[in-house]
Amino acid sequence: MLLGSTKAELDRLLGKPVMARNVLGLPGEKAWSYAQGDFEIVVGFLNDIARYTAVKRRRGPNTQLSPAELAGVLSLNAPASLWTVETPETPKKPSAPARRKTATEPRVPTYFSHVEKDPKVKEKVIREVRGWMPGGKPYAFFYLPALDGQPPLLVSEWGVDQALG
């Protein structure tokens, strides 16, 4: 699991990073970028703990991640089968006389959540990971909203898109 790890652990796992632009703009935030084939993994650290991860396509089509690519991205933090995936429905517009048709359909983001529970005490949550993949964009973003002994994160989809998009 990338989130919740230290930089030294991620360096051993992913290789040598380069500094990256901070995504959240928080005090004490440090971001590092790891090249992984056609993808770039940006990991943000607060208090030397990985609190967010963005996986962005570096080469190839400028489209959203395919289901196979997404499964690989999800498995960076937990097996893909353990994630809850939610795609909200596109709101229906009331029918009105249209002057012209729009060329594109609205692109709806896909949301992800993973809750890791203590195997001994089923009600106790060890960590919770949240994330999303914006419709039509070549990245996915994941973060730990809360972690014992760490400040909580309040993350804006718009702010992340401005930093990564």
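Would you say Arg57 is more than 14 Å from Ala163 (Cα to Cα) and crowded, with 18+ Cβ neighbours inside 10 Å?
Numbers: more than 14 Å from Ala163 (Cα to Cα): yes; crowded, with 18+ Cβ neighbours inside 10 Å: yes.
Judged against the criteria, Arg57 is a match.
Among residues of the stretch 118-133 that are farther than 25 Å from Gln162 by Cβ, those with a beta-carbon under 9 Å from a residue that is of a type in the set (Lys, Arg) and part of a loop (DSSP other than H, G, I, E, B) at least six positions away or on a different chain give the pairs Asp118/Lys124.
Of everything in the stretch 1-44 that's small (Gly, Ala, Ser) and assigned to a loop (DSSP other than H, G, I, E, B), which residue is farthest from Trp158 (Cα to Cα)? Across the stretch 1-44, the extreme among qualifying residues is Gly15.
Yes or no: Thr84 loosely packed, with under 15 Cβ neighbours inside 10 Å, modelled with pLDDT of 90 or more and among the hydroxyl-bearing types (Ser, Thr, Tyr)? Taking the combined requirement at face value, the residue satisfies it.
In the set (1) closer than 20 Å to Arg130 by Cα; (2) touching a helix residue (DSSP H, G or I) at 6+ places or on another chain (Cβ under 8 Å); (3) modelled with pLDDT of 95 or more, the condition left unmet by Val23 is number (3).
The values are calculated or read from the model by the stated rules, or taken from the named source; none is laboratory data. The structure presented is a predicted model; accordingly, all values stated were derived computationally and were not measured. Cβ coordinates were reconstructed from backbone atoms using ideal geometry, including for glycine residues, and neighbour counts include every protein chain displayed.
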